[in-house]
Amino acid sequence: MTPTWLRWMPAVAVPAVIAAGVLAGSVPASARDPLPDKTPAQVLAMIAPHTTKALSGTVEQTSELGLPDVPQIGPTSGPAAGSIAELLTGPHTARVYVDGPAKVRVQIMDRMGERDAVRQGSEVWLYNSKDNTATHLTLPGNASGKEDRGSRMPGSVATPEQLAARMLEKVDASTDVAVREDVEVAGRAAYNLVVTPRSQATLVESVAVAVDGESGLPLSVEVRARGQQEPAFRTAFSSLKLEAPDASVFNFTPPPGATVKELALPSSGYAKRDLGKYGKGAAGSWKDEQGKLEKDRRPPAAAGRAPSVTGFGWETVVGFPARANSPAAGAPSVDMLLNDPLLRQATVAVPGGRAISTSLLNVLLTDDGRMFVGSVPLERLQAAAAR
């Protein structure tokens, strides 16, 4: 339920592209009674069927991806400018309120303002306090009650549940899974499920998911990169109540003087995709999200060729042909990335193009307009590009 280009990415790439922020991390839970012993399979089985329908809390995220410090020079331009680079650095905090699949509010606390995504039934509002703009859209009747796992909203911060789901897709024979010492997250005792790739060809050292011992709800996700002492990415609830928020939380009226835009959505086929597919992380701009919503109305024929996939599991490399980098395909283009001043300064020249390297993810932008992404050494991306 993610944009086309995110859907093709390795699960470990998602945190690096979805969001960045601060974690009030997990701590050993030795101060309370230990949870009943469970095997890794039993803890995994707790996650999928959990029935948490209502909650309120604060999600905080942080990343130490090893990107160089690059000062912004000149104005940003384009729909992704000022957002793609931002989501790779800096702290982000979000307040999350959920009461069933059709009542969701996410408040993203930026440095200089606040952004809100509010859904109540079929009504959705997106608001940015920085420029006092709001977008309103009405979901088709057949989507108003659709279950959205993790209650994702356009542009919202990814919750530990959403990221855990992506990470745990990689649990197979290439992965070692263990349950370590219990931890405590947001005042709740949790199982510490640790996933370790057996492959030495991935940048990922391990992934730890804290699973609430009572409800099975993922409370935190921590990703460690090889050769890096501090976690490369962490996201967690710093406060959490598993009860319905006050109903007034889901009411929204644009502030006085706000510029309001009405956005119409196509009725045909919409129920098959749900609003959650447009979530892109705490740093995403609402304008960028609105553009994606509008672009998605184009016919499928505009999507171009499908991305290529080489390798498997943690060693997966995804290649986007130049045609698939067009906006109509739902993928960021090479030009879009290089037109972002921050990202352009973060790239380095390599044989055949330019590269953006982090501790968890490498991106190769070839001279002929293709893009290759993977949580693998850059050499593997170059080898995939040369085929």
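Condition first: touching a Leu at 6+ places or on another chain (Cβ under 7 Å), aliphatic (A, V, I, L, M) and over 14 Å from residue 39 (Cα atoms). Now tell me which residues in the range 172-191 satisfy that.
185, 186, 189
Hey, any hits in the range 349-364 for a residue that's over 30 Å from residue 198 (Cβ atoms), at pLDDT 90 or above, in contact with a strand residue (DSSP E or B) (Cβ under 7 Å, 6 or more places away or on another chain) and not assigned by TED's automatic domain parsing to the domain that holds residue 231?
yes
Taking residue 190 as the residue in question, decide whether it is assigned to a strand (DSSP E or B) and surrounded by 24 or more Cβ atoms within 10 Å (Cβ to Cβ).
Here the answer is yes, as residue 190 does meet what is asked.
If we scan the range 30-46, do we find a residue that is at pLDDT 50 or above, surrounded by fewer than 21 Cβ atoms within 10 Å (Cβ to Cβ) and in a strand (DSSP E or B)?
No.
Output the residues belonging to the range 101-124 that are modelled with pLDDT of 90 or more and not in a strand (DSSP E or B).
If the condition is that a residue be modelled with pLDDT of 90 or more and not in a strand (DSSP E or B), then 102, 121, 122 are the ones that fit.
The values are calculated or read from the model by the stated rules, or taken from the named source; none is laboratory data. Keep in mind that this is a model prediction, so the values were computed, not measured. Quick reminder, even Gly has a Cβ in these numbers, built from the backbone with ideal geometry, and neighbours come from all protein chains shown.
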